[in-house]
Amino acid sequence: MKDVLFTLAEKKLLCDGVWEFTLASQEALPPIRCGQFLHLKLDGAFLLRRPFCIYKYDTHSVSLVVAVVGGGTRRLAELSAGTRLSAVLPIGNGFTLEKKHRKILLLGGGVGCAPLATVPVTYPDREYVSYLGFSRASNVMFEKEFGAFGKTVVGTDDGSYGRGGYITDILAADIDALCPDIILTCGPTPMLKAVARLSHQKKIPAYMSGESHMGCGVGACLVCTCAVKQPDGTIANKRACVDGPVFNLEDILL
Ligand SMILES: Cc1cc2nc3c(=O)[nH]c(=O)nc-3n(C[C@H](O)[C@H](O)[C@H](O)COP(=O)(O)OP(=O)(O)OC[C@H]3O[C@@H](n4cnc5c(N)ncnc54)[C@H](O)[C@@H]3O)c2cc1C
Ligand code: FES
C-alpha cells in the first residue's frame, strides 16, 4: 500500500453521470490484484478520501469508473486533464481464485461491473462468462471489454437492450447450462442478495465485492465494519477495507 501522486491523464463520459478516469503516475505502481481498490484524495474541501475500485491497471496507470452520487464524485467529474491527485493503493483482499476454479462467472450490476474486469487480467488462464445488468439501454457499458474475455450476456431491467429483466433472473434461467465453478459479483445490494440465494440453491460458491461507507481505509477507524459468519457459526465484525472488500456471499450478512 503506497501513497502515489497521479496526474489525471484522461476522462471519458461512459453514460449519464458515469465517468472513466485514467490516472497516470511517473513512478512505477506497486503490484495490483483484481478486486482491489484505491483511496483517492480530493481537494481540501473534502477531508475524507473516497474509495474506488480499480477497473484497469498497468505499471504506471490505473483507470476508475465513477458514478456521480454526491459532492466528492461531482468534484471529481469537474476536474480537467492535467490535475494532480494523490491516492493510496492498492487496498483490500481482492478476488482470489483456486486452481479448481476453471470456469468463472462474472456477474456485474451497473458500475459494479468495473472491478470484475480485472479478474481475467490477473487470471488469464481461465474460461470466463460474463453477465452484465443495467437499468436501461442508455446505461449499458463494458459490453465490448467483457466480450474480449469470453461469452457476454447483457440485460436491461426494462428490456430496452439485450435480454429483458433483472440480470440475476436472466442468469437463473441459464445457470444449469453454464455450470460455473465460481461466481464473482459486484453490484447493488438487492442484486447481491439474489446472487446469494442462487448460489445457495445451486451450491455454487460466490464471492462479492461490497461498497460499505469508509473512513480511514487502513483498518483503524472501524467505520466500514460488516457482520460476517465464522466457521464456528458465530458472527464477527470485519473491516471491509482491509478484511474485504471481497467476502464469501455465504458468510456476509447483507
Ligand atoms: C471498496 C469500495 C469501492 C468502491 N468502488 C466504486 C467504484 O468503482 N465506482 C463508484 O462509482 N463508486 C465506488 N464506490 C462508492 C464510492 O466510494 C462512493 O459513491 C463515493 O465515495 C461517494 O462520494 P461523494 O462525495 O460523491 O458522495 P457523498 O456526498 O459522500 O454521498 C452521496 C451519496 O452516496 C452514498 N455513499 C457515500 N459513500 C458511499 C459508499 N462508500 N458506498 C455506497 N454509497 C455511498 C451516500 O450515502 C449518499 O447517498 C466504492 C466504495 C467502496 C467502499
Ligand atoms: S475504513 Fe477505517 S477501518 Fe475500514
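The values are calculated or read from the model by the stated rules, or taken from the named source; none is laboratory data. Please read all numbers here as calculations on a predicted model, not as lab measurements. Neighbour counts are summed over all protein chains in view; Cβ atoms, including those assigned to glycine, are modelled from backbone coordinates with ideal geometry.
The table for this structure:
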| item | result |
| --- | --- |
| Within segment 207-234, tally of residues that are outside any loop (DSSP other than H, G, I, E, B) and farther than 20 Å from residue 188 by Cα | 1 |
| Selected residue [closer than 30 Å to residue 13 by Cβ and free of Cβ contacts under 8 Å to residues at least 24 places away in the same chain] from 168, 156, 122, 189 | 156 |
| Residue check, residue 209 within 16 Å of ligand 2 (Cβ to nearest atom), surrounded by 18 or more Cβ atoms within 10 Å (Cβ to Cβ) and closer than 27 Å to residue 150 by Cβ | yes |
| Lone unmet requirement of (1) surrounded by 16 or more Cβ atoms within 10 Å (Cβ to Cβ); (2) within 19 Å of the chain's Cα centre (by Cα); (3) within 11 Å of ligand 1 (Cβ to nearest atom) for residue 69 | (1) |
| Residue 204 being more than 16 Å from ligand 1 (Cβ to nearest atom), modelled with pLDDT of 95 or more, in a loop (DSSP other than H, G, I, E, B) and out of contact with any Lys or Arg (no Cβ under 7 Å at 6 or more places or on another chain) | yes |
| Check on residue 89, in contact with a strand residue (DSSP E or B) (Cβ under 9 Å, 6 or more places away or on another chain) and more than 16 Å from ligand 2 (Cβ to nearest atom) | no |
| Residues of segment 125-141 classified as hydrophobic (A, V, I, L, M, F, W, C) and free of Cβ contacts under 8 Å to residues at least 60 places away in the same chain, total | 4 |
| Qualifying residue in segment 237-245 (condition: in a strand (DSSP E or B), within 16 Å of ligand 1 (Cβ to nearest atom), in the same structural domain as residue 116 (by TED's automatic domain parsing) and buried (at least 21 other Cβ atoms within 10 Å of the Cβ)) | no |
| Single residue of segment 5-52 satisfying the filter (touching a helix residue (DSSP H, G or I) at 6+ places or on another chain (Cβ under 7 Å) and under 18 Å from residue 244 (Cα atoms)) that is surrounded by the fewest Cβ atoms within 10 Å (Cβ to Cβ) | 33 |
| Search result, residues across segment 211-236 that are within 11 Å of ligand 1 (Cβ to nearest atom) and free of Cβ contacts under 8 Å to residues at least 24 places away in the same chain | 213, 223, 224 |
| Matching residues, segment 219-228, being surrounded by 15 or more Cβ atoms within 10 Å (Cβ to Cβ) and either in contact with a Ser or Thr (Cβ under 9 Å, 6 or more places away or on another chain) or under 21 Å from residue 2 (Cα atoms) (or both) | 223, 224, 225, 226 |
| Subset tally (residues that are of a type in the set (Ser, Thr, Tyr) and surrounded by 21 or more Cβ atoms within 10 Å (Cβ to Cβ)) for segment 93-134 | 4 |
| Residue, nearest to the chain's Cα centre (by Cα), within segment 171-195, restricted to residues that are within 27 Å of residue 66 (Cβ to Cβ) and surrounded by fewer than 19 Cβ atoms within 10 Å (Cβ to Cβ) | 188 |
